[in-house]
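Undergrad: Sharing a structure, written as C-alpha cells. Questions coming.
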C-alpha cells in the first residue's frame, strides 16, 4: 500500500462520519490512555515517564484491536494537563502512588472565595500564577510542560506514520469544570446559590483562555478538531436555571468560536445530559460530535439531533470491565440497529477503563466491523 494511503482512507472515513455522510464502514475509534500499558506489559508509571515507549505501546495495542483511529493523542502528562483543567493536585504513579496505579485527581477546596476577585480584577493569568503553587510542585510542573512540548511533535508524527488519524488534536473545557475542581464540588455548587454574580463574572473573564487553549492545540497538532470536556456540568447535576446560566452559554461560545475557524468540537460529555439534548441543536450544524459516556440516552440523542451532529460512543465502561464478549457484542449490534450507521463513530463511553477485558474490547470492534 502506498505511503499514507491507509491513513488517508481512515481519515476520510472519520471525517465523513463527523459530517453525517454515508461511509463504507463505521469508523472504529479507540479512547483511553491507561489500558494500553496494562495490556502491553508496562506499568502506568513507565507509560507516563517514558513517553516514546508509552506511545509505541499505545499504538501496538490499537494494532491488536484493529481500529481506525484514536480519540485523543496517545500520550499525555496527567500532572500537567489535569492540574490546569481541574485546578487540583494530581497524585501520580511512581510518586505518591504505586508504579502501576492509575493517576488520581486529589480534589480539595484549594481555591478560596477571594480568588474569584483576583480573576475578575487581575485576569486568569495572575490568578494561575498565585494559585498553581498551591496544588503542584512548580519545578515538576515546568519540567512536565517542557517534556510535553518536546514529545508532542514527535508523537503526532509517529501516530501518522503508524497510519492512525487522531480525532481530537487539542484539549480544552469550560470555566465551570475548572472552578468546580478548584473550589471542590460541594463549595462550588453552593457558590452558584450564594455568589452567582461573582462566579459568572469570573467565568466570563476565564472563557477566552479556554478558547485560546483549543486554538493553540489545533495549531500545534495540525488536526482541525478539539476535545471539549464536560463532567460536573451535566444536566443531571444542575437545575435548569443554573445549567442555562453557567454551562450552556460557554459550550455554545467555544463551539461557535471553533466552527468559525472550521474546527470541529468533540463534546466529551460525562454523566447524564438527556434533559438538555435539545439545546445541542443550537450548536453549529455538523461541526460538533456528541461523545457521551453511556449515561446519556443515546437513542434520544439521535432522535433529537438527527444528522445535525455525529455521535461517538457509547459502549459503557462498566460493560467492558465486568461484562462478557456476548454482552458487548449484543450492546453494539443493538446500538447500531437503533441509531444507524450514518453519523456514528464506534467508541467506548468515555475512556476504556484500565480494567477492561481484552476480549470485551475485541468484541466491541468486531461487532462494528461486521456492519456496513
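Read-outs: derived from the displayed coordinates by stated rules, not from any lab. None of the values given here were measured: they were computed from a predicted structure. Here the Cβ is made from the backbone with ideal geometry for all residues, glycine too, and neighbour counts use every protein chain on show.
Undergrad: Under the 0.36 nm per residue contour assumption, what length would be gained going from the current alpha-carbon distance of residue 99 and residue 19 to full extension?
TA: 24.6 nm
Undergrad: Under a point spin-label approximation (7 Å from Cα along Cα-to-Cβ), what is the residue 337-residue 297 distance to one decimal in nm?
TA: Each label point lies 7 Å from its Cα, and together they span 2.0 nm.
Undergrad: While we're here: Using only Cα atoms, tell me the angle between helix 124-135 and the longest principal axis of the chain; keep it within 0 to 90° and round to the nearest 10.
TA: In the chain, helix 124-135 runs at an angle near 80 degrees to the longest axis.
Undergrad: Something else about it: How long is the gain from residue 64 to residue 108 if the chain were fully straight, where each residue apart is worth 0.36 nm and the alpha carbon distance is subtracted?
TA: So the chain would gain 11.9 nm between residue 64 and residue 108.
Undergrad: Give me the percent of Cα-Cα pairs in segment 251-303 that sit more than 18 Å apart, rounded to a whole number.
TA: Tail of the P(r) past 18 Å holds 28 percent of the pairs.
Undergrad: May I ask you to compute the full-extension gain from residue 52 to residue 369, defined as 0.36 nm times their residue separation minus their alpha-carbon distance, rounded to one decimal in nm?
TA: Length gained, residue 52 through residue 369: 111.1 nm.
Undergrad: I'd like the distance separating the alpha-carbon centroids of segment 349-372 and segment 1-67, in whole Å.
TA: After rounding, the separation between the Cα centres reads 13 Å.
Undergrad: With 20 Å bins from zero, work out the P(r) of segment 5-369 over every alpha carbon pair and list the percent per bin.
TA: 30, 61, 9
Undergrad: Next question, about the same structure. Using only the Cα atoms of segment 60-207, each taken as one equal point scatterer with no solvent, compute I(q) by the Debye sum, divide by I(0), and report log10 of the ratio at q = 0.11, 0.18 Å⁻¹.
TA: -0.53, -1.10
Undergrad: Take peptides 188-198, 114-124 and line them up by average Cβ neighbours within 10 Å, highest first, as a rough protection proxy.
TA: 114-124, 188-198
Undergrad: Further question on the same structure: Where Rh is the Kirkwood radius over the Cα pairs of segment 291-372, the temperature 10 °C and the viscosity 1.306 mPa s, what D in µm²/s does Stokes-Einstein return?
TA: Result for D is 126 µm²/s.
Undergrad: Indicate, rounded to the nearest 5 percent, the antiparallel portion of the DSSP beta bridges found entirely in segment 5-369.
TA: Percent antiparallel among DSSP bridges in segment 5-369 is about 10.
Undergrad: Once you've got the GNM for the chain with C-alpha springs shorter than 10 Å, pick whichever of 341, 226, 318 has the biggest mean-square fluctuation.
TA: Its mean-square fluctuation being the largest, the pick is 318.
Undergrad: Let me ask something additional. Residue 326 to residue 185: FRET efficiency via 1/(1 + (r/R0)^6), r the Cβ-Cβ distance, R0 25 Å, to the nearest 0.05?
TA: It comes to 0.10.
Undergrad: Here's something else I'd like to know. Between 0 and 90 degrees, rounded to the nearest ten: what's the tilt of helix 51-65 against the longest Cα principal axis of the chain?
TA: So the helix axis and the longest Cα principal axis differ by about 40 degrees.
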